[in-house]
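The values are calculated or read from the model by the stated rules, or taken from the named source; none is laboratory data. No experiment lies behind these values; they were computed from the predicted model shown. Cβ placement follows ideal geometry from the backbone for every residue including glycine, while neighbour counts extend to all protein chains displayed.
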Amino acid sequence: MSRVYNFSAGPAVLPEEVLKEAQEEMLDYRGCGMSVMEMSHRSKVFQNIIDEAEADLRDLIGIPSNYKVLFLQGGASLQFSMIPMNLMKNGVADYIVTGQWAKKAYAEAQKYGKANKIASSEDKTFSYIPDCSDLPISPDADYVYICENNTIYGTKYKKLPNTKGKTLVADVSSCFLSEPVNVSDYGIIYGGVQKNIGPAGMVISIIRDDLITDDVLPGTPTMMKFKTHADAGSLYNTPNCYCIYMCGKVFKWLKKMGGLEVMKQRNEEKAKLLYDFLDQSKLFKGTVVPEDRSLMNVPFITGNADLDAKFVKESKEAGLENLKGHRTVGGMRASIYNAMPKEGVETLVAFMKKFEEENL
Ligand SMILES: Cc1ncc(COP(=O)(O)O)c(C=O)c1O
């Protein structure tokens, strides 16, 4: 067996320990004589799996009791519609557009009401987070929407926007569980799990109780109503059982590692290795303003598309996979999620140094 260092933005690297444990339990989950993949979602054994996953997640983040945790399908992208359908009571919402994902969410919301773009960083290719201390928040806005970590551009809010009392909704797909968060600052925190938590195919949405009601937009499908899933404990229909099981294992791994404060320290250390190298490099350059740099996604360029392509090819040959930047921006991007070991980043930096010496 030989494993590579996988810098994919998602689906992404998972803790090896977790994969091995799943492998051991593949044919016979703890004496059941079947795999979790083969098990009824109505069984007692599966109920224990989902209950334990939720309890561990609540414990890890410190989720207050007035918030529900939903395990949903349809990717983070389906939340772009579910959020306005469930929350736009006044038909108004404010969006801060800091990248492709926020832009898509903003475009989707326009189908359901008046979505206002109250700030954007598109003028400089989304390479920074706009000042959000005094934005023109709409007096009747049902919520203010952000994408907290911008996977493609590598920016992250270091301070949440001043929403002037309005409900904050955040897509945290690419920074989920990478550091502690204060859940009470948000109405909804949601993210696809395929980056920092588990296999693809599920979204976890943490929603304040009062936002889960029957008062949704007319025509909202049953499956798109938060209340449908909240009332059924995420078991209204067959959920992504295996994904819930894997995420549960990652939550246990995170707890064993010391929790989110320790993850933050580890992530800061790893990101510093890479950013420090980029800041002194004569060949490579980071694309984000230093104060808004993400700890999770680190885009960089040489400024020469041919050299970028050479780097991606040679790094792959050296066992460093998926360093090509997003198809819409080019260059390179290293995604260094929780499960990326420090040695992976050290190996990448050593490779970059060597590449620089050979190509400068
Ligand atoms: C921040 C962010 N939001 C949303 C998405 C879309 O996720 P999904 O493919 O689960 O719909 C992505 C995917 O890469 C993302 O990075």
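Go through the range 80-101 and give me each residue that's out of contact with any helix residue (DSSP H, G or I) (no Cβ under 8 Å at 6 or more places or on another chain), in contact (Cβ under 8 Å) with a residue 60 or more places away in the chain and crowded, with 16+ Cβ neighbours inside 10 Å. Listed by number, the residues that qualify are Asp94, Gln100. Going residue by residue through the range 230-247, is there one that turns out to be modelled with pLDDT of 95 or more, within 29 Å of Gly154 (Cβ to Cβ) and of a type in the set (Phe, Trp, Tyr)? Scanning the range 230-247 turns up no residue that is modelled with pLDDT of 95 or more, within 29 Å of Gly154 (Cβ to Cβ) and of a type in the set (Phe, Trp, Tyr). On the basis of being loosely packed, with under 13 Cβ neighbours inside 10 Å, of a type in the set (Ser, Thr, Tyr) and within 26 Å of the chain's Cα centre (by Cα), does Ser77 make the cut? Criteria not met by Ser77.
Checked against (1) within 16 Å of the ligand (Cβ to nearest atom); (2) closer than 27 Å to Ala141 by Cα, Met202 meets all criteria but (2). Pairing each residue of the range 114-138 that is of a type in the set (Phe, Trp, Tyr) with any residue that is exposed (fewer than 15 other Cβ atoms within 10 Å of the Cβ) and assigned to a strand (DSSP E or B), provided the two are 6+ apart or on different chains, yields no C-beta distance under 8 Å. One residue stands out among those in the range 118-130 that are more than 22 Å from the chain's Cα centre (by Cα) and of a type in the set (D, E, K, R): the one that is farthest from Asn297 (Cα to Cα), which is Asp123.
Yes/no per residue for (1) farther than 28 Å from Ala22 by Cα; (2) within 12 Å of the ligand (Cβ to nearest atom); (3) acidic (Asp, Glu); (4) within 18 Å of the chain's Cα centre (by Cα):
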position: Gly154; (1), (2), (3), (4): yes, yes, no, yes
position: Lys159; (1), (2), (3), (4): yes, no, no, yes
position: Asn162; (1), (2), (3), (4): yes, no, no, no
position: Lys166; (1), (2), (3), (4): yes, no, no, no
position: Ala170; (1), (2), (3), (4): yes, yes, no, yes
position: Tyr190; (1), (2), (3), (4): no, yes, no, yes
position: Ile207; (1), (2), (3), (4): yes, no, no, yes
position: Ala232; (1), (2), (3), (4): no, no, no, no
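Only one of the listed residues (Lys324, Lys354, Lys316, Lys310) is closer than 24 Å to Val193 by Cα and modelled with pLDDT of 95 or more. That residue is Lys324.
Identify, from the list Val329, Val345, Val312, Val349, the residue that is crowded, with 21+ Cβ neighbours inside 10 Å and of a type in the set (A, V, I, L, M).
Values: Val329 fails: crowded, with 21+ Cβ neighbours inside 10 Å; Val312 fails: crowded, with 21+ Cβ neighbours inside 10 Å; Val349 fails: crowded, with 21+ Cβ neighbours inside 10 Å.
Result of the check over Val329, Val345, Val312, Val349: Val345.
This table checks each residue for (1) within 22 Å of Val289 (Cα to Cα); (2) touching a Gly at 6+ places or on another chain (Cβ under 9 Å); (3) modelled with pLDDT of 95 or more.
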{"position": "Lys111", "(1), (2), (3)": "no, no, yes"}
{"position": "Glu122", "(1), (2), (3)": "yes, yes, yes"}
{"position": "Asp142", "(1), (2), (3)": "no, yes, yes"}
{"position": "Asn150", "(1), (2), (3)": "yes, yes, yes"}
{"position": "Tyr186", "(1), (2), (3)": "no, no, yes"}
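Here Val288, Val329, Val345 are screened, and the one residue that is touching a Leu at 6+ places or on another chain (Cβ under 6 Å) and within 24 Å of Val13 (Cα to Cα) is Val345.
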